[in-house]
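Have a look at the structure below before the remarks.
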Amino acid sequence: ILDITSNIGVYQYEQDTLRLSNIAEIFPLVFFVVAILVCLTTMTRMIEEQRSQIGTLKSLGYTSFTIMFKYIIYALSATLIGSIMGVTIGFKIIPNIIFNMYDVAYNIPDFQNSFQMDLAIQGTLIALVCTLGATIYTSIKTLKEVPAELLRPKAPKSGKRVLLEKIPLIWKRLHFSHKVTIRNVFRYKKKFLMTIIGISGSTALVLAGFGLKDCIERLVPDQYEHVFQYQATVTLTENATSEQKEQILTELENKEEITDILRVDQEGIQIDYNDTTQNVQVIIPDGNIENFIRLQNRESKEIYTLTSGVIITEKIANLLDKQIGDTISFEINKETYQEKITGITENYFNHYFYLPQIEAKEKDNYNTLFLKTINLTEKEEKDLATILKEIPGISSISFTSDSKDTFDSTMKNFSYVALILIVSAGLLAFIVLYNLESVNISERVRELASIKVLGFYDKEVYLYITRETIILFIIGIVIGLGLGNILVYYILKTCEQDIMMFNPIVAWPSYFYTLLIMIVFISIVSITSYFTLKKIDMIESLKSVE
């Protein structure tokens with residue numbers, strides 16, 4: 001008697017749901033960290049730009065709370081409007097996109113999209129804490145100053161010597177403008193940290209999206225092309241006689257589509273693990289299994305030869321906390337085996353134990369045949385399966401292409417979710433870069449006007465700012481790529497189910513695409529900043545406020 005979870009479609013859909021659920025617990029946290037940075041820089045910029053207004057209001061007798069309330073109302077209204085838009089997108093648009101992706105792979109009813117008040121309130125409250133917290137913090141910091149100080153422009157940070165100056169061999173060879181750039185980078189420590197955190201956080205999110213997509217799409221080929229190198233499995237009936245088996249082998253050998261055959265005794269066993277039961281397939285080959293299944297260590301690439309003991313797959317070894325050299329106990333057909341683990345082999349779907357024929361208690365007792373075939377089309381596979389099923393003693397025939405297609409369709413849908421993450425992270429990265437560059441220019445408008453008065457051309461003023469941005473951009477990118485790698489590993493390990501394993505290695509193209517996206521965004525921001533810098537009026541910027 002089977003329950004509903006025994007249905008492979010129900011099981012796969014449940015596994016997909018769990019993976020999405022695990023990602024939904026991780027990515028929002030990273031997004032909120034970057035969002036807090038955006039809120040902090042935005043409100044800091046706004047309040048700093050209105051220092052003279054705040055000073056005027058304070059001198060006229062307005063209390064600090066009354067002045068602060070103006071900015072609280074601004075942040076509150078922006079947050080509530082943004083939350084309404086976010087909740088609409090979050091409940092109506094994105095779930096429908098994701099569901100439609102999975103609707104291709106499953107035969108399921110129409111999506112019933114329901115508004116969840118608890119999640120809407122939670123998201124809005126977190127957004128309010130971010131924006132109002134940043135507003136109150138920045139306001140209190142500014143309002144501590146007396147009106148006379150607030151009515152004057154904020155004094156620029158004083159320049160300091162940097163560590164590089166203590167290395168004359170390098171420092172003396174630098175151009176004057178390069179020396180100024182290096183000093184300015186470390187002169188504004190708050191901007192230095194915020195820019196690096198913003199760029200590295202955004203880079204990590206984009207790389208995580210690409211890395212997830214890369215690892216997910218590679219999973220099926222790794223299993224069904226790299227590990228499993230046979231194309232079909234023939235299962236024999238339980239009561240197949242020796243004569244029938246010989247006839248089956250003869251018939252298969254005469255088929256021109258079949259190039260090689262491996263006789264296998266395949267038995268299903270159960271291993272207890274943490275109050276759960278793991279289903280394991282024991283493979284006992286009567287021949288050279290290395291031509292059909294690649295037995296190799298995933299990390300060291302060591303190739304195993306099935307001669308003694310037992311070779312187990314990596315995921316079950318991790319679940320059972322077993323290492324090479326340990327002994328493992330299992331039962332096949334009520335007969336207990338105590339075997340030494342001689343290898344832990346690469347595998348991505350399901351669990352397998354590989355035993356050599358000499359370890360089996362009964363010789364020539366095979367119930368399965370692994371087949372290698374020439375390249376067949378889907379129709380040719382169906383025709384071959386129809387012919388083979390008519391041979392007495394054959395219970396069923398399955399092609400790895402069927403399993404590959406099933407998993408592939410599921411994994412492709414999951415990779416579309418990763419694309420949504422890439423787009424969202426990319427947009428957030430652009431906002432962070434643009435915001436930080438705008439704050440940098442607005443805070444230093446008098447300084448930039450001063451160097452214009454001293455004879456700097458527009459191009460030189462642009463390079464004066466851009467060099468600093470490029471240095472911080474490079475530092476942030478390097479840190480972000482490292483953080484992105486860690487984030488990919490953490491997410492994949494969180495999303496893994498007991499019967500599957502991801503290979504958490506980000507491919508080089510993912511690094512390239514991440515770098516390209518960030519370079520495009522910084523280029524757009526730099527071009528925008530050029531026109532902003534060009535519009536700086538030397539006379540207006542240098543006018544005395546007194």
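The values are calculated or read from the model by the stated rules, or taken from the named source; none is laboratory data. None of these values were measured; they are calculated from a predicted model. Quick reminder, even Gly has a Cβ in these numbers, built from the backbone with ideal geometry, and neighbours come from all protein chains shown. What goes into the accessible areas is simple: the full protein's heavy atoms, side chains included, and nothing from ligands, DNA or RNA. Shrake-Rupley method; radii C 1.70, N 1.55, O 1.52, S 1.80 Å.
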Looking only at region 190-227, which residues are hydroxyl-bearing (Ser, Thr, Tyr) and under 13 Å from the mean Cα position of the chain (by Cα)?
202, 203
Going through 399, 407 one at a time, which residue ends up being in contact with a strand residue (DSSP E or B) (Cβ under 8 Å, 6 or more places away or on another chain), at pLDDT 80 or above and among the aromatic types (Phe, Trp, Tyr)?
399
Over region 246-284, the set of residues open to solvent by less than 50 Å² (accessible area, probe 1.4 Å) and in contact with a Gly (Cβ under 9 Å, 6 or more places away or on another chain) is 248, 261, 262, 264, 280, 282
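From the list 475, 471, 441, pick out the single residue that is of a type outside the set (S, T, N, Q), open to solvent by less than 50 Å² (accessible area, probe 1.4 Å), under 16 Å from residue 184 (Cβ atoms) and assigned to a helix (DSSP H, G or I). Steps first, answer last, please.
On the way: 475 fails: open to solvent by less than 50 Å² (accessible area, probe 1.4 Å); 471 fails: open to solvent by less than 50 Å² (accessible area, probe 1.4 Å).
Matching residue, one of 475, 471, 441: 441.
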Of the criteria (1) out of contact with any Leu (no Cβ under 8 Å at 6 or more places or on another chain); (2) open to solvent by less than 40 Å² (accessible area, probe 1.4 Å); (3) within 30 Å of residue 255 (Cβ to Cβ); (4) not hydrophobic (A, V, I, L, M, F, W, C), which one residue 315 fails
(3)
Select from region 48-81 the residues that are more than 35 Å from the chain's Cα centre (by Cα), surrounded by 20 or more Cβ atoms within 10 Å (Cβ to Cβ) and closer than 28 Å to residue 202 by Cβ and list them in ascending order.
71
Does any residue in region 488-511 that is modelled with pLDDT under 80 come within less than 7 Å, Cβ to Cβ, of a residue that is open to solvent by 30 Å² or more (accessible area, probe 1.4 Å) and not polar (S, T, N, Q) six or more places away or on a different chain, and which pairs are these?
497/18
Go through region 111-142 and report how many residues are at pLDDT 80 or above, surrounded by fewer than 13 Cβ atoms within 10 Å (Cβ to Cβ) and either under 22 Å from residue 11 (Cα atoms) or within 25 Å of the chain's Cα centre (by Cα) (or both).
2
If we scan region 165-182, do we find a residue that is within 23 Å of residue 473 (Cα to Cα), small (Gly, Ala, Ser) and open to solvent by less than 40 Å² (accessible area, probe 1.4 Å)?
yes
In region 36-49, is there at least one residue being modelled with pLDDT of 80 or more and either of a type in the set (Phe, Trp, Tyr) or over 13 Å from residue 140 (Cα atoms) (or both)?
yes
Does region 211-233 include one or more residues that are part of a helix (DSSP H, G or I), open to solvent by less than 30 Å² (accessible area, probe 1.4 Å), within 30 Å of residue 434 (Cβ to Cβ) and at pLDDT 85 or above?
yes
Give all pairs with beta carbons closer than 6 Å in which a residue from region 298-312 that is in a loop (DSSP other than H, G, I, E, B) meets a residue that is loosely packed, with under 13 Cβ neighbours inside 10 Å; count only pairs at least 6 apart in sequence or on separate chains.
309/340
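Please work out if residue 462 is hydroxyl-bearing (Ser, Thr, Tyr) and open to solvent by 70 Å² or more (accessible area, probe 1.4 Å). I'd like the intermediate steps shown before the answer.
Numbers: hydroxyl-bearing (Ser, Thr, Tyr): yes; open to solvent by 70 Å² or more (accessible area, probe 1.4 Å): no.
The answer is no for residue 462.
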Restricting to region 285-312, count the residues that are touching a helix residue (DSSP H, G or I) at 6+ places or on another chain (Cβ under 6 Å) and either of a type in the set (A, V, I, L, M, F, W, C) or open to solvent by less than 10 Å² (accessible area, probe 1.4 Å) (or both).
1
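Please go through region 332-356 and give me each residue that is closer than 10 Å to residue 282 by Cα and in a strand (DSSP E or B), ordered by number. So that I can check it myself, show each step before the final result.
So the first thing to find is which residues in region 332-356 are closer than 10 Å to residue 282 by Cα, and the list is 332, 351-355.
Answer for region 332-356, where residues must be closer than 10 Å to residue 282 by Cα and in a strand (DSSP E or B): 332, 351, 352, 353, 354.
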